[in-house]
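Below you'll find the structure, written out as structure tokens, and then a few comments.
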Amino acid sequence: MGDKFVCYYRLSVKKKAERQHGISAQKEAVRKYVKSVKGKVVSEHTEYETATGKKHRRVLQKALEECQATGATLCISKIDRLTRSVAFLEKLKASGVPFVATDNPHLDEFTIGILCLVAEQEAKTIQKRIKEGLAAAKRAGIVLGAPEKARQKGTERGIKTNKREADAFTKETIKKIIFIEKKSRRRKTLQDLADILNREGIRTRRGNNWFPMSVRNVKKRAESLGLY
């Protein structure tokens with residue numbers, strides 16, 4: 001194994017907040033291994049994998065290209081951090097980039113291929129069981145997903161929360177508008193007010209710049225709340 005390593009860390013976005021097999025744990029394992037073989041870290045690459053990004057891992061591709069350019073070895077913490085797809089493993093082999101998994105650095109390509117086949121079969125078995133379970137539940141008359149009442153309550157809570165936040169924003173903003181109008185010696189147009197709010201770095205509730213219409217909307221809402 002060469003003395004140069006390109007380190008690759010991967011985590012599903014769904015597990016981004018989990019500590020087990022997290023990025024920190026992967027980095028610790030990889031750095032410890034590189035140090036144990038008196039190697040040198042050329043670079044480190046972190047990839048958060050989404051459901052749509054499983055086939056096209058841009059960060060991993062960049063890491064492989066760097067390995068080819070520098071003659072470094074790709075270093076990962078666990079083989080399942082890299083891939084559970086035999087087809088993807090074949091692509092990795094075709095690149096000619098040597099790689100090592102720190103949890104078992106003595107694995108050869110043949111053994112790794114077998115492990116990937118096993119992992120891929122396990123994934124297919126789990127998917128099959130899930131589909132069979134959902135089908136059985138449906139046949140038994142079990143309604144899958146959130147009940148209609150629960151969805152409706154969730155929507156109502158969202159509407160109420162949005163209204164509370166909008167009312168609170170209107171209350172604070174109309175105070176600023178009233179202050180500007182009282183301080184001015186002449187009547188302020190909606191455009192004047194929008195320009196002043198923008199100059200003072202005040203943003204709309206959605207974080208945008210002010211326009212005459214957005215000022216008008218705040219005034220109208222403030223009127224309905226009895227604040228203006």
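The values are calculated or read from the model by the stated rules, or taken from the named source; none is laboratory data. Just so we're clear, the structure is a prediction, and the values are computed from it rather than from any experiment. Cβ placement follows ideal geometry from the backbone for every residue including glycine, while neighbour counts extend to all protein chains displayed.
Residues that are modelled with pLDDT of 90 or more and more than 15 Å from residue 7 (Cβ to Cβ) within the range 32-70 comprise 38, 68, 69, listed in sequence order.
Residues are listed down the side, and each one gets a yes or a no for (1) assigned to a helix (DSSP H, G or I); (2) of a type in the set (S, T, N, Q); (3) in contact with a Lys or Arg (Cβ under 7 Å, 6 or more places away or on another chain):
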{"position": "162", "(1), (2), (3)": "yes, yes, no"}
{"position": "176", "(1), (2), (3)": "yes, no, no"}
{"position": "180", "(1), (2), (3)": "yes, no, yes"}
{"position": "220", "(1), (2), (3)": "yes, no, no"}
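Scanning the range 76-84 for residues that are at pLDDT 85 or above and assigned by TED's automatic domain parsing to the domain that holds residue 105 turns up at least one hit.
Condition check ((1) modelled with pLDDT of 90 or more; (2) loosely packed, with under 12 Cβ neighbours inside 10 Å; (3) of a type in the set (Lys, Arg)) across all residues:
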residue	(1), (2), (3)
182	no, yes, yes
190	yes, no, no
193	yes, no, no
196	yes, no, no
201	no, yes, no
205	no, no, yes
211	yes, no, no
216	yes, no, yes
219	yes, no, yes
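Residue 96 meets the conditions (1) modelled with pLDDT of 70 or more; (2) closer than 26 Å to residue 118 by Cβ; (3) crowded, with 19+ Cβ neighbours inside 10 Å in every case but one. The failed one is (3).
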